[in-house]
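Structure record follows, encoded as structure tokens.
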Amino acid sequence: MNDFYFTSYSHDFDFSSFNCGDDDLDQYIKNQVEKDIAIGMCSCIVMMSSKNNEISGYFTLTPRSIGIQKLQSLIKQPDYPSLPFLLVGRLAIDQKYRGNKLSELIFSFILKTIFDISKVVKFVGIEVEAKNNLLIKKVYEPLGFIAISPNSRRLVYLIDYQSLKDNYEN
């Protein structure tokens with residue numbers, strides 16, 4: 001998977017030909033993300049093809065807390081009213097690059113990033129909101145995400161820091 005690398009969003013990137021097949025996600029990266037970054041709403045990571053430096057995808061990250069009442073079936077820690085999560089707010093892969101298991105690569109990058117910053121800040125897990133049930137079944141559930149409640153499109157991945165250490169510590 002060294003065919004791709006990750007870098008922070010830059011206004012110098014040309015997203016004009018980026019097409020993930022979802023107009024909302026395409027328009028977001030072309031017209032809104034820079035404003036959201038400027039006001040501190042999120043960070044945006046861009047995935048590039050190593051072969052031609054073409055933009056192959058992007059995702060946004062935002063710290064967030066989730067009320068414990070929404071997580072009681074998943075986490076037993078009633079002493080806290082809410083718990084810290086990292087929200088993957090938007091995730092898009094250009095249609096030209098579909099079928100390369102890039103969701104797994106992105107998820108691995110996010111976990112490595114969480115491990116790298118874990119001495120400074122920690123999260124209980126990662127949260128996503130899937131746009132549809134197909135994404136839940138084909139992308140998120142195979143990666144280990146579980147629904148916050150039955151039939152919910154909000155899913156979480158609970159972080160096991162020992163597993164991160166085993167996988168990412170040099």
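Only one residue in 94, 116 is open to solvent by less than 80 Å² (accessible area, probe 1.4 Å), on the phi < 0 side of the Ramachandran plot and of a type in the set (Asp, Glu). Which one?
Numbers: 116 fails: open to solvent by less than 80 Å² (accessible area, probe 1.4 Å).
Only one candidate passes the filter, namely 94.
Consider residue 154 carefully, then state whether it is in contact with an Asp or Glu (Cβ under 6 Å, 6 or more places away or on another chain), open to solvent by 20 Å² or more (accessible area, probe 1.4 Å) and either farther than 20 Å from residue 74 by Cα or not hydrophobic (A, V, I, L, M, F, W, C) (or both). Reasoning before the result, please.
Values: in contact with an Asp or Glu (Cβ under 6 Å, 6 or more places away or on another chain): yes; open to solvent by 20 Å² or more (accessible area, probe 1.4 Å): yes; either farther than 20 Å from residue 74 by Cα or not hydrophobic (A, V, I, L, M, F, W, C) (or both): yes.
Yes; evaluated as a whole, the condition is true for this residue.
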Checklist entry - For the range 4-71, list the strands (runs of 3 or more DSSP E) that sit wholly inside it and hold at least 2 residues that are open to solvent by 70 Å² or more (accessible area, probe 1.4 Å) and modelled with pLDDT of 95 or more; which are they? => result 4-8
Checklist entry - Taking the range 119-146 only, how many residues are open to solvent by 20 Å² or more (accessible area, probe 1.4 Å) and without any contact (Cβ under 8 Å) to a residue 60 or more places away in the chain? => result 18
Next on the checklist: Residue under question is residue 126, and the condition is that it be closer than 19 Å to residue 47 by Cβ, at pLDDT 90 or above and assigned to a helix (DSSP H, G or I); does it hold?
Outcome noted: no
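Residues 85, 109: which one is in a helix (DSSP H, G or I) and closer than 23 Å to residue 167 by Cβ?
Details: 85 fails: in a helix (DSSP H, G or I).
Result: 109 is the single residue among 85, 109 that is in a helix (DSSP H, G or I) and closer than 23 Å to residue 167 by Cβ.
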Next on the checklist: Show the residue pairs meeting these rules: Cβ distance below 9 Å; 6+ apart or different chains; first residue within the range 1-20 and among the aliphatic types (A, V, I, L, M); second residue open to solvent by 50 Å² or more (accessible area, probe 1.4 Å) and outside any loop (DSSP other than H, G, I, E, B).
Outcome noted: 1/104
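The values are calculated or read from the model by the stated rules, or taken from the named source; none is laboratory data. Only a predicted model underlies this, so the values are computations on that prediction, with no experimental measurement involved. Heads up, the Cβs are rebuilt from the backbone with ideal geometry, glycines too, and the neighbour counts pull from every protein chain shown. These area figures cover heavy atoms from the full protein model, side chains too; ligands, DNA and RNA do not enter into them. Shrake-Rupley method; radii C 1.70, N 1.55, O 1.52, S 1.80 Å.
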